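Notes follow once the structure below has been shown.
The values are calculated or read from the model by the stated rules, or taken from the named source; none is laboratory data. What you see is a predicted model; the values in this text were computed from it and never measured. Note: ideal-geometry Cβ built from the backbone for every residue, glycine included; neighbour counts use all protein chains shown. Accessible surface is based on the protein model in full, side chains and every heavy atom, while ligands, DNA and RNA are left aside. Shrake-Rupley method; radii C 1.70, N 1.55, O 1.52, S 1.80 Å.
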Amino acid sequence: MARRILIVTAVQAEADAIARPKGSFIVVGGIGRTNAAVATTTAILENGPFSWVINAGVAGSLPNSGLQLGDAVVANKCVYVEEGLLTPTGFQDIATMGFSLGEFDGNNVPVDAWMLKQLSGIGHVGSVATVATCSGTNEQAQLVQERTGCLCEGMEGAAVVHAALLVNAPAIEIRVISNTTGDRDSQEWNLPLALKNLGEMIETAITALWEDE
């Protein structure tokens, strides 16, 4: 069977930046976790099977990440930020509450280990936060970083990888930094650079997957 890769983006600009790499099927799923999960599942069931799934897009760097605008991040896990319970003594994730989001540890959705090994050389490796509310204040950005230990935040990654996991499709998240988080008026942005680098990183990622599969 010919190898094929599903690439899920949130918006058309990300898909346009990626173009049409060899063997790829690109879906613009929409912003947020529900759109991402539905788009991923639908694409796999209606247009699959796929050898691999990648959630690709831009992201905001979190405090103390050391990331620069335009840097690429390859997720070693995708972290749901909000799922849990907020108590007077602090936040409790799903596992601490005694529940489960799936066959993984708490709020941490695992990426495919083989894909991570193949792609670890194309960018910074670290965890990526999946948020419902982006960090437009310093306090919120610090909260997300302290709660998750993540390098950056997006709005779809955990949902894409989670949906793929449920149908046994290997998946990973790749992000390129388009902006800083924190107080909105003080954020730094370079979206054109991030989109340019995103296209290059996905091309590099696909080449790396093709080479040693």
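Just a few scattered comments:
- Applying 0.36 nm per residue to the separation of Gln68 and Gln142 and subtracting their alpha-carbon distance, the gain on full extension is 24.9 nm.
- For the chain: Kirkwood Rh in Å [reciprocal of mean 1/r, alpha carbons]: 17.0 Å
- Taking all Cα-Cα distances within segment 1-71, those exceeding 21 Å account for 32%.
- With at most 14 other Cβ atoms within 10 Å, longest stretch of the chain clear of loop trypsin sites (Lys or Arg not before Pro) (DSSP): 23-213
- FRET efficiency for Trp210 and Asn47, using Cβ-Cβ distance with R0 set to 25 Å, rounded to 0.05: 0.80
- For the chain, built as a Gaussian network whose Cα springs stay under 10 Å, the top-fluctuating residue of Val27, Val73, Val176: Val27
- Under 5 Å from the amide H of Cys152 lie the amide H atoms of Leu62, Ala129, each residue being 5 or more positions distant or on a separate chain, with H modelled from the backbone and absent for Pro and chain starts.
- Accessible solvent surface per residue of segment 56-213, calculated while the other protein chains remain in place, 1.4 angstrom probe, Å²: 45 Å²
- Over segment 93-213, Cα pairs under 8 Å with separation of 6+ residues give a relative contact order of 26 percent.
- Order of exposure, largest accessible area first, which applies to Trp52, Trp210 with probe 1.4 Å: Trp210, Trp52
- The residues packed around Phe50, meaning those with a beta-carbon under 9 Å from its beta-carbon, carry a net charge of +2 if Lys and Arg are +1 and Asp and Glu are -1.
- Sorting the segments 96-104, 158-166, 11-19 by their residues' average number of neighbouring beta-carbon atoms within 10 angstrom, most packed first, yields 158-166, 11-19, 96-104.
- Per residue, the average separation of C-alpha pairs within less than 8 Å and at least 6 apart gives the chain a relative contact order of 30 percent.
- Structural descriptor for segment 1-108: relative contact order 22 percent, calculated from alpha carbon pairs under 8 angstrom and at least 6 residues apart.
- Extension gain (nm, one decimal) between Ala132 and Asn168, 0.36 nm per residue minus Cα-Cα: 10.4 nm
- Accessible area of segment 102-184 belonging to carbon and sulfur atoms, whole % at 1.4 Å probe: 50 percent
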